[in-house]
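**Q** My questions will all concern the structure given below.
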Amino acid sequence: MALTRDQIAMRVAKEFKDGDYVNLGIGIPTLAANFVPEDISVMLQSENGLLGMGRYPYEDEIDADMINAGKETVTAITGASIFNSADSFAMIRGGHVDFTVLGAFEVDVEGNIASWMIPGKLIKGMGGAMDLVAGAKNIIVTMTHADKHGNSKLLQKCTLPLTGVNCITRIITDLAVMEVKDGAFYLTEHAPGVSIEEIKEKTAGKLIVPDNVTEMVL
Amino acid sequence: MSGFNKVVDNYWEAMDGLQDNMTVIAGGFGLCGIPEGLITQIKEMGTSGLTVVSNNCGVDGFGLGILLEDRQIKKMVSSYVGENALFEQQLLNGELEVELTPQGTLAEKMRAGGAGIPAFFTATGYGTPVGEGKEVREFDGRPYIMEESITGDFAIVKAWKADKYGNCIYRHTAQNFNPMAATAGKITVVEVEEIVEPGELEASQIHTPGIYVDRVIKGQFEKRIERQVLAKN
């Protein structure tokens, strides 16, 4: 069975180590915050200028001056810091953020990612995505393996305008966990109940299946 | 010390000198930390052909979005421009030009502009549509693109408190692009919630030193929230 959005987020959260600074994109990546293991602490970076982002506010905590990068009302955890946008992106571009997790339309075997623009459709902008993929030490892409029509999103070469080049090293989908290296996707884990055959079928780019592929633990 | 008194009494004085076709740098992220009254004043003045540099362009009927109503903006330099139907319409009609700029690059363009640095190299945008036509240099084997900095004829900034000398502090995430914008205007106007006497703000806690600030005005703020999301019980 393909994983649900929550299950993908659960698997993402297993990547985090105690003491990591993490930036989570909108969508499945944001859900990962709900599944951080209780025995570790991570600090969430929100690129509008908040390190130590907390939960959404209760009614009596709403403050128009406290928002996250998705423009949603938010709170700060104890020990948080707040700073300007240039400092925020210095953290990102300077490689100080340990993990960035973001969604994508397409990823290819060279580690290129397309996530912000579909020609012919209205372009809203890249926000901070290009800075994040150019700057973070480890970038995890989360997405469904194929689109609604069954077309693979894991390609030999991206077809859409890129967000960044040679920057993606790890992909977690509803079917599998893969590393991107040496011009190929390396399968490391398959989702419970998902066959290697199905993953092969839905991966358009070059896929290497080593002998030691394990079943994903959630 | 009256030469350092930056306080002005009304919005006309605050935005005096703004003319058609000028470049205005505006602080704010979404609707958070935007100089609401200064934007309303620009609408009132009817200045047109403006290039506005700001992370976003407000929403329909609020923030920078109100400057679209009378087609006062010729060009926007932003990282994200969703949530605004009038914006989309004017963009598709060709009435409005937009230069999409990665968020960190936009912040750095303002910071560098204010610091007298004409351009810088960044990995952000290399190999993407943003990098097209820009100079590429390799440093330690990695390619970077050259981005030019930005300065404005005016910078409009929202701060929490300022003293009469223009020393400013910001509140929470309403800080965002405001401190960079403040450095990058030929004329920098700061709209604040409270004006205090010099000495009332702790000198070492000042975010924007008064040297960057030309005019300070006390504003009234609606502080509209774009996306109110509550914790689940």
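The values are calculated or read from the model by the stated rules, or taken from the named source; none is laboratory data. As the structure is a prediction and not an experimental result, all values here were calculated from the model. Quick reminder, even Gly has a Cβ in these numbers, built from the backbone with ideal geometry, and neighbours come from all protein chains shown. Side chains included, ligands, DNA and RNA excluded: accessible areas come from the protein's heavy atoms. Shrake-Rupley method; radii C 1.70, N 1.55, O 1.52, S 1.80 Å.
**Q** Mind checking which residues of region B:123-148 are in a loop (DSSP other than H, G, I, E, B), open to solvent by 10 Å² or more (accessible area, probe 1.4 Å) and within 12 Å of another protein chain (Cβ to nearest Cβ)?
**A** B:Ala123, B:Tyr126, B:Gly127, B:Glu132, B:Gly141, listed by residue number.
**Q** Cβ contacts < 6 Å: first residue on the phi > 0 side of the Ramachandran plot, restricted to region B:209-233; second residue part of a loop (DSSP other than H, G, I, E, B) and open to solvent by less than 60 Å² (accessible area, probe 1.4 Å), any location; separation 6+ or different chain. Result?
**A** Qualifying pairs under 6 Å: B:Lys223/A:Ala64.
**Q** Out of region A:52-79, which residues are surrounded by fewer than 16 Cβ atoms within 10 Å (Cβ to Cβ) and among the small types (Gly, Ala, Ser)?
**A** If the condition is that a residue be surrounded by fewer than 16 Cβ atoms within 10 Å (Cβ to Cβ) and among the small types (Gly, Ala, Ser), then A:Gly79 is the only one that fits.
**Q** Here are the criteria: (1) closer than 16 Å to A:Leu44 by Cβ; (2) within 11 Å of another protein chain (Cβ to nearest Cβ); (3) in contact (Cβ under 8 Å) with a residue 60 or more places away in the chain. Tell me which single one A:Ala129 does not satisfy.
**A** Failing condition for A:Ala129: (1).
**Q** Which residue, of B:Glu222, B:Glu194, is open to solvent by 50 Å² or more (accessible area, probe 1.4 Å), among the charged types (D, E, K, R), in contact with a Lys or Arg (Cβ under 7 Å, 6 or more places away or on another chain) and outside any helix (DSSP H, G or I)?
**A** B:Glu194
**Q** Still on this structure, I have one more. Quick one: in region A:36-51, of everything that is away from chain B (no Cβ under 14 Å) and assigned to a strand (DSSP E or B), which residue is surrounded by the most Cβ atoms within 10 Å (Cβ to Cβ)?
**A** A:Val42
**Q** Select from region A:22-35 the residues that are part of a strand (DSSP E or B) and away from chain B (no Cβ under 13 Å) and write down the one among them that is least open to solvent (accessible area, probe 1.4 Å).
**A** It comes out as A:Val22.
**Q** Restricted to region A:84-97, and to residues that are open to solvent by less than 30 Å² (accessible area, probe 1.4 Å) and more than 7 Å from every other protein chain (Cβ to nearest Cβ), which residue is nearest to B:Gly33 (Cα to Cα)?
**A** Ranking the candidates gives A:Ser88 first.
**Q** Does B:Gly166 fit the bill of being more than 8 Å from chain A (Cβ to nearest Cβ) and surrounded by fewer than 22 Cβ atoms within 10 Å (Cβ to Cβ)?
**A** Against the criterion (more than 8 Å from chain A (Cβ to nearest Cβ) and surrounded by fewer than 22 Cβ atoms within 10 Å (Cβ to Cβ)), B:Gly166 does not qualify.
**Q** Would you point out the residue of region B:84-105, among those that are in a loop (DSSP other than H, G, I, E, B) and in contact with a Gly (Cβ under 8 Å, 6 or more places away or on another chain), that is surrounded by the most Cβ atoms within 10 Å (Cβ to Cβ)?
**A** In this case the residue turns out to be B:Pro102.
**Q** Considering only region B:201-232, state which residues are within 8 Å of chain A (Cβ to nearest Cβ) and not charged (D, E, K, R).
**A** If the condition is that a residue be within 8 Å of chain A (Cβ to nearest Cβ) and not charged (D, E, K, R), then B:His207, B:Ile225, B:Gln228, B:Val229, B:Leu230, B:Ala231 are the ones that fit.
**Q** Go through (1) surrounded by 21 or more Cβ atoms within 10 Å (Cβ to Cβ); (2) within 11 Å of chain B (Cβ to nearest Cβ); (3) among the aliphatic types (A, V, I, L, M) one by one and return the number of the condition A:Leu175 breaks.
**A** (2)
**Q** Next question. Test of understanding: among A:Asn212, A:Asn166, which residue is open to solvent by 50 Å² or more (accessible area, probe 1.4 Å) and within 14 Å of another protein chain (Cβ to nearest Cβ)?
**A** So the residue among A:Asn212, A:Asn166 that is open to solvent by 50 Å² or more (accessible area, probe 1.4 Å) and within 14 Å of another protein chain (Cβ to nearest Cβ) is A:Asn166.
**Q** Determine, yes or no, whether B:Thr188 is farther than 23 Å from A:Gly125 by Cβ, more than 12 Å from chain A (Cβ to nearest Cβ) and under 15 Å from the mean Cα position of the chain (by Cα).
**A** yes
**Q** If we keep just the residues of region A:146-161 that are hydrophobic (A, V, I, L, M, F, W, C) and either assigned to a strand (DSSP E or B) or open to solvent by less than 30 Å² (accessible area, probe 1.4 Å) (or both), which is farthest from the other protein chains (Cβ to nearest Cβ)?
**A** A:Ala146
**Q** Moving on to the next point. Is there any pair with a first residue in region B:19-38 that is within 13 Å of chain A (Cβ to nearest Cβ) and a second that is among the β-branched types (Val, Ile, Thr) and assigned to a loop (DSSP other than H, G, I, E, B) whose Cβ atoms are under 6 Å apart and which are 6 or more apart or on different chains, and what are they?
**A** Between residues of region B:19-38 that are within 13 Å of chain A (Cβ to nearest Cβ) and residues that are among the β-branched types (Val, Ile, Thr) and assigned to a loop (DSSP other than H, G, I, E, B), the close pairs are B:Gly28/B:Ile34.
**Q** Which residue pairs have Cβ atoms under 6 Å apart, sit 6 or more places apart or on different chains, and have a first residue in region B:104-117 that is facing chain A (nearest Cβ under 10 Å) and touching a residue at least 12 places away in the same chain (Cβ under 8 Å) and a second that is open to solvent by less than 10 Å² (accessible area, probe 1.4 Å) and of a type in the set (D, E, K, R)?
**A** B:Gly104/A:Asp131; B:Thr105/B:Glu147
**Q** Quick one: A:Ile118 ticks every box in (1) in contact (Cβ under 8 Å) with a residue 12 or more places away in the chain; (2) open to solvent by 20 Å² or more (accessible area, probe 1.4 Å); (3) within 12 Å of chain B (Cβ to nearest Cβ); (4) more than 17 Å from the chain's Cα centre (by Cα) except a single one, so which number is it?
**A** For A:Ile118, the failing item is (3).
**Q** Turning to a different aspect of this structure: Go over the candidates B:Gly33, B:Gly17, B:Gly27 one by one and state the one that is crowded, with 24+ Cβ neighbours inside 10 Å and at positive phi.
**A** Only one candidate passes the filter, namely B:Gly33.
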